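Engineer: Just dropping this structure here.
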Amino acid sequence: MSQQLIFTNDVALQLDYLITQGDKKPTFVIADTNTAALVLPSLTSECKSLSDARLITINAGDTNKTLDSLAQVWKELSDNGATRSSLIINIGGGMVTDLGAFAASTFKRGVRFINVPTTLLGAVDASVGGKTGINFNGLKNEIGVFREAESVIISSCFFGTLPLDELKSGYAEMLKHGFLTSATEVNSLIERNIAEIGSELMLQLLERSVKVKQDIVEIDPTEKGLRRALNLGHTAGHAFESNAMASGQPIPHGFAVAHGLIIALILSHMRLGFETSWLYKTAHWVETNYPKLHFTCDDYPTLLDYMAHDKKNKRPDQISFTLLSAPGEIHCGQIVGHNDITAALDIYRDLMHI
């Protein structure tokens, strides 16, 4: 199934239309506590079809993307009469769309669902492409399935409620898509002030960015080949994210990706001759816009262990990266040894003045 992507700032109108098409009752809304308080009241007042939906609320934050939260959602669906004809609407950031989509994919072997991302990160990444899942055993997205939403309503109208850090988190994924496209696209993103991008321009940038992912996913929906391009920056990024979570000081996913992107560009230079001018320019941009990651060489074994557990690896002793020979020139499945990764971490700490 190819999911329908709807780019609009009139979310209530589109949502009302989708809910009223066919017999999809009972309808459920899954949202986290933040979205339930900040977004749902106004959205429900504008979309009357939502007033009959049963709300399932989960605690906010990626640390709650767990088996316990998933079991809570399953129980509430079961207790309130959900059937295979029901409709589940996931409204929130990437945590909600990941967990809610996984719940919908597995309850009664599959219930239809719609994603309405309310964060930039959710809109550009998590809600699109059919990846669902939860964190498990201290690892990001360790359990999940591939299943696309019927529709994804992508809008920038919710972003006014977001702190700047949330916008920066999503923007890192947009920059990743830029590097997968062209030097022109990278420059277009790096040269903008994230805090000054208006709603309509952001929607246009979102549509361009999401199209990069959509085109790749249509060719390779279950990550057998080309879709691994979308993991640019994520092998090290997920390791940074897991390490921060284990230390009790979690960082936003996009922050980890931004720093992971620097590791990928360093390795791209070491392995494929990627130009250092792009590396220095991107490192300066990340250092300017994102908090530093504080770790030492004593943390290297832990980071390498997290990378070894990455789902993209065919074997745990072969750590796989997506690398670039230039912006838009992608090389997936690059096996990198521990010595080169350690060297890249050293160079990264020098570049980022850690």
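The values are calculated or read from the model by the stated rules, or taken from the named source; none is laboratory data. This is a predicted model, so every value here is computed, not measured. Every residue, glycine among them, receives a Cβ derived from its backbone with ideal geometry; neighbour counts consider all protein chains shown.
Engineer: Which numbered condition trips up residue 187, out of (1) modelled with pLDDT under 95; (2) closer than 19 Å to residue 268 by Cα?
Structural biologist: Residue 187 satisfies all of (1) modelled with pLDDT under 95; (2) closer than 19 Å to residue 268 by Cα except (1).
Engineer: Sticking with this one: Is it the case that residue 257 is crowded, with 20+ Cβ neighbours inside 10 Å, among the β-branched types (Val, Ile, Thr), in contact (Cβ under 8 Å) with a residue 12 or more places away in the chain and within 23 Å of residue 62 (Cα to Cα)? Walk me through how you get there before you give the answer.
Structural biologist: Working: crowded, with 20+ Cβ neighbours inside 10 Å: yes; among the β-branched types (Val, Ile, Thr): yes; in contact (Cβ under 8 Å) with a residue 12 or more places away in the chain: yes; within 23 Å of residue 62 (Cα to Cα): yes.
Yes; evaluated as a whole, the condition is true for this residue.
Engineer: Still on this structure, I have one more. May I ask you to say which residue of 299, 305 is at pLDDT 90 or above, over 14 Å from residue 344 (Cα atoms), surrounded by fewer than 18 Cβ atoms within 10 Å (Cβ to Cβ) and not assigned by TED's automatic domain parsing to the domain that holds residue 125? I'd like the intermediate steps shown before the answer.
Structural biologist: On the way: 299 fails: over 14 Å from residue 344 (Cα atoms).
None of the other options fit; the residue is 305.
Engineer: In region 154-169, what residues are in contact (Cβ under 8 Å) with a residue 60 or more places away in the chain, not acidic (Asp, Glu) and not in a strand (DSSP E or B)?
Structural biologist: Going residue by residue through region 154-169, those that are in contact (Cβ under 8 Å) with a residue 60 or more places away in the chain are 154-158, 161, 165-166, 168-169.
Add one more test, that the residue is not acidic (Asp, Glu), and what stays is 154-158, 161, 168-169.
Across region 154-169, the qualifying residues are 155, 156, 157, 158, 161, 168, 169.
Engineer: In region 208-242, which residues are surrounded by 15 or more Cβ atoms within 10 Å (Cβ to Cβ) and among the acidic types (Asp, Glu)?
Structural biologist: 220, 223, 241, listed by residue number.
Engineer: It is to be established whether one or more residues within region 7-28 are buried (at least 21 other Cβ atoms within 10 Å of the Cβ), in contact with a Cys (Cβ under 7 Å, 6 or more places away or on another chain) and assigned by TED's automatic domain parsing to the domain that holds residue 142.
Structural biologist: So far as region 7-28 goes, yes, one or more of its residues are buried (at least 21 other Cβ atoms within 10 Å of the Cβ), in contact with a Cys (Cβ under 7 Å, 6 or more places away or on another chain) and assigned by TED's automatic domain parsing to the domain that holds residue 142.
Engineer: Here's another thing I want to ask about it. Looking only at region 183-214, count how many residues are under 17 Å from residue 227 (Cα atoms) and either in contact with a Gly (Cβ under 7 Å, 6 or more places away or on another chain) or hydrophobic (A, V, I, L, M, F, W, C) (or both). Don't jump to the end; show me each part of the working.
Structural biologist: Of the residues in region 183-214, the ones under 17 Å from residue 227 (Cα atoms) are 209-214.
With the extra rule that they be either in contact with a Gly (Cβ under 7 Å, 6 or more places away or on another chain) or hydrophobic (A, V, I, L, M, F, W, C) (or both), the set shrinks to 210, 212-213.
The qualifying residues number 3.
Engineer: Further, regarding this structure: If the Cβ limit is 6 Å and pairs must be 6+ apart or interchain, which residue in region 226-239 that is closer than 19 Å to residue 317 by Cβ pairs with which residue that is polar (S, T, N, Q) and at pLDDT 95 or above?
Structural biologist: These pairs meet every condition: 228/322; 231/322.
Engineer: Based on what the data block shows, is residue 222 part of a loop (DSSP other than H, G, I, E, B) and modelled with pLDDT of 95 or more?
Structural biologist: Working: part of a loop (DSSP other than H, G, I, E, B): yes; modelled with pLDDT of 95 or more: no.
Here the answer is no, as residue 222 does not meet what is asked.
Engineer: Is at least one residue of region 266-284 within 18 Å of the chain's Cα centre (by Cα) and in a helix (DSSP H, G or I)?
Structural biologist: Checked region 266-284: no residue is within 18 Å of the chain's Cα centre (by Cα) and in a helix (DSSP H, G or I).
Engineer: Return yes or no: is residue 83 of a type outside the set (D, E, K, R) and out of contact with any Asp or Glu (no Cβ under 7 Å at 6 or more places or on another chain)? Don't jump to the end; show me each part of the working.
Structural biologist: Numbers: of a type outside the set (D, E, K, R): yes; out of contact with any Asp or Glu (no Cβ under 7 Å at 6 or more places or on another chain): yes.
The answer is yes for residue 83.
Engineer: Moving on. Residue under question is residue 166, and the condition is that it be modelled with pLDDT under 95 and more than 14 Å from the chain's Cα centre (by Cα); does it hold? Spell out how you get there, then give the answer.
Structural biologist: Working: modelled with pLDDT under 95: yes; more than 14 Å from the chain's Cα centre (by Cα): no.
Considered against the rule, which asks whether it is modelled with pLDDT under 95 and more than 14 Å from the chain's Cα centre (by Cα), residue 166 comes out as no.
Engineer: I'd like to know if region 263-286 contains one or more residues that are within 16 Å of residue 169 (Cα to Cα), in the same structural domain as residue 332 (by TED's automatic domain parsing) and not aliphatic (A, V, I, L, M).
Structural biologist: Looking through region 263-286, at least one residue is within 16 Å of residue 169 (Cα to Cα), in the same structural domain as residue 332 (by TED's automatic domain parsing) and not aliphatic (A, V, I, L, M).
Engineer: Only one of these is within 19 Å of residue 332 (Cα to Cα) and either part of a helix (DSSP H, G or I) or out of contact with any Gly (no Cβ under 6 Å at 6 or more places or on another chain) (or both): 172, 244, 229. Name it.
Structural biologist: On the way: 172 fails: within 19 Å of residue 332 (Cα to Cα); 244 fails: within 19 Å of residue 332 (Cα to Cα).
Result: 229 is the single residue among 172, 244, 229 that is within 19 Å of residue 332 (Cα to Cα) and either part of a helix (DSSP H, G or I) or out of contact with any Gly (no Cβ under 6 Å at 6 or more places or on another chain) (or both).
Engineer: While we're on this one: Evaluate region 320-340: report whether one residue or more is part of a helix (DSSP H, G or I), in contact (Cβ under 8 Å) with a residue 40 or more places away in the chain and touching a His at 6+ places or on another chain (Cβ under 9 Å). Let's see the steps before the verdict.
Structural biologist: Taking region 320-340 and keeping what is part of a helix (DSSP H, G or I), we get 338-340.
Of the ones still in play, those that are also in contact (Cβ under 8 Å) with a residue 40 or more places away in the chain are 340.
Add one more test, that the residue is touching a His at 6+ places or on another chain (Cβ under 9 Å), and what stays is none.
No, there is no match, as no residue in region 320-340 is part of a helix (DSSP H, G or I), in contact (Cβ under 8 Å) with a residue 40 or more places away in the chain and touching a His at 6+ places or on another chain (Cβ under 9 Å).
Engineer: Of the residues in region 59-76, how many are hydroxyl-bearing (Ser, Thr, Tyr), part of a helix (DSSP H, G or I) and under 16 Å from residue 103 (Cα atoms)? Explain how you work it out, then say what you get.
Structural biologist: From region 59-76, those hydroxyl-bearing (Ser, Thr, Tyr) are 63, 66, 69; that's our starting set.
Filter again for part of a helix (DSSP H, G or I), leaving 63, 69.
Still in the running and under 16 Å from residue 103 (Cα atoms): 69.
Total satisfying the criteria: 1.
Engineer: In region 285-296, which residue that is part of a loop (DSSP other than H, G, I, E, B) and buried (at least 17 other Cβ atoms within 10 Å of the Cβ) is modelled with the highest pLDDT?
Structural biologist: Our first condition is that a residue be part of a loop (DSSP other than H, G, I, E, B); within region 285-296, this holds for 290-296.
Next, from what is left, pick out any that are buried (at least 17 other Cβ atoms within 10 Å of the Cβ): 290, 293, 295.
Numbers: 290: 97, 293: 94, 295: 92.
Once the filter is applied, the top-ranked residue is 290.
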